[in-house]
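Heads up, the thing below is written out as structure tokens.
Nothing in this text is a laboratory measurement; each read-out follows from the coordinates by a stated rule. As the structure is a prediction and not an experimental result, all values here were calculated from the model. For neighbour counting, all protein chains shown are included, and Cβ atoms are generated from backbone atoms with ideal geometry for every residue, glycine included.
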Amino acid sequence: MRKSSHERKDVVLGMVVRHYIQTTVPVSSAYIAEEYEKDISSATIRNILAELEGDGYLMHPHTSAGRVPTERGYRYYVDFLMQEIQLIEEDRRRVHKEYERGIEELEALVETTTEVLADLTHCTSIVSVDGWTHHYVCRGTNYLAEAIGMQGLQKVVAILKALEEKDRVLAVLRRDLDRRIKIYIGQETDCDAFDGCAMAVARFATRRGPAGRIAVLGPVRMDYPRVVSTLEYVSELMHEAM
């Protein structure tokens with residue numbers, strides 16, 4: 001069955017977002033034509049890309065013939081096109097071992113979790129515990145610095161400063177969550193330093209009582225399916241570990 005115009009636009013936008021996340025290379029119509037089903041012409045693909053750009057989901061860097069997603073494009077992808085994945089078994093076993101060692105103290109649980117999240121997502125990980133006033137633990141700032149580095153040193157410094165100030169990050173972490181995992185993209189964080197970044201936030205609760213938020217902060221082009229699956233799995237392990 002031939003896809004409708006709306007369905008085709010969804011397919012193309014999803015292809016652009018996924019390919020750009022993986023490569024950071026602007027996506028050309030030639031790539032879409034090569035990967036797409038055979039029932040669509042190159043001219044139709046070019047028209048779809050132009051429409052997506054006109055609708056604000058893609059943009060066309062001046063130095064490239066390809067297109068890249070806008071924050072609106074990532075938002076649509078996360079809300080409607082992203083397919084949840086499972087961590088590969090090797091990753092699941094490796095992470096499970098970290099929590100099998102027997103964690104008796106809350107501080108040790110937080111340290112383990114920040115290290116695991118940063119390692120699996122290659123982003124900055126953040127853990128905030130309810131009752132810890134003006135405090136959280138984060139790891140993996142080097143990943144974020146490397147990913148954002150192309151935007152310039154001043155941008156990296158602004159992000160690191162915001163992480164040190166803590167209150168600005170806690171304001172995002174402590175918002176009401178209307179879903180299992182909430183993803184804030186770019187300006188949705190309401191923190192100027194995080195323009196060009198995205199933050200995924202989830203709750204955690206331990207069997208003994210302590211609870212809080214775990215989060216991943218990365219570039220706006222971060223691997224959303226992997227980040228979401230990692231947060232889900234880690235929050236389950238935190239509940240069982242303590």
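In this structure, the amide hydrogen of Leu58, modeled 1.01 Å from its nitrogen in the peptide plane, lies closer than 5 angstrom to those of Glu53, Thr70, counting only residues at least 5 positions away or on a different chain. Distance between the pseudo-spin-label points of Glu104 and His134 (7 Å out from Cα toward the beta carbon): 3.2 nm.
Amide H to amide H distances under 5 Å link Ile85 with Ser229, where only residues 5 or more positions off or on other chains count and H is placed in the peptide plane. Note that region 157-174 has calculated 3J(HN,Hα) couplings of 4, 5, 5, 5, 5, 5, 5, 6, 6, 6, 4, 5, 6, 4, 4, 6, 4, 8 Hz, one per residue in order, obtained from phi through the Karplus relation 6.51 cos²θ - 1.76 cosθ + 1.60 (θ = phi - 60°); glycine and proline are x.
The value given for region 89-241 is a Kirkwood hydrodynamic radius of 15.4 Å, derived from the mean inverse Cα-Cα separation.
Between the Cα long axis of helix 106-121 and the first principal axis of the chain there is an angle of about 20°, rounded to the nearest 10. Region 197-242 and region 101-147 have Cα centres lying 10 Å from one another. Between the residues Pro225, Tyr36, Thr206, the greatest Cα displacement towards the positive end of the dipole of the chain, with unit charges on the Cβ of Lys, Arg, Asp and Glu, is found for Tyr36.
Which one of Ile45, Pro61, Tyr77 is farthest out on the positive end of the charge dipole of region 5-81, using unit charges on Cβ (Lys, Arg +1; Asp, Glu -1) and the Cα centre as origin? Value: Pro61. Note: relative contact order over the chain, using C-alpha pairs below 8 Å and six or more positions apart, is 19 percent.
Its DSSP H runs of at least 4 residues, each contributing -39,500 (n - 2.57), put the calculated 222 nm mean residue ellipticity of the chain at -15000 deg cm²/dmol, to the nearest 500. The phi torsions of region 232-242, fed into the Karplus equation with coefficients 6.51, -1.76 and 1.60 and a -60° offset, translate into couplings of 5, 5, 5, 5, 5, 5, 4, 5, 7, 6, 8 Hz, rounded to whole numbers, with Gly and Pro shown as x. A Cβ-based charge dipole, computed about the Cα centre of the chain with Lys and Arg at +1 and Asp and Glu at -1, lands at about 340 debye.
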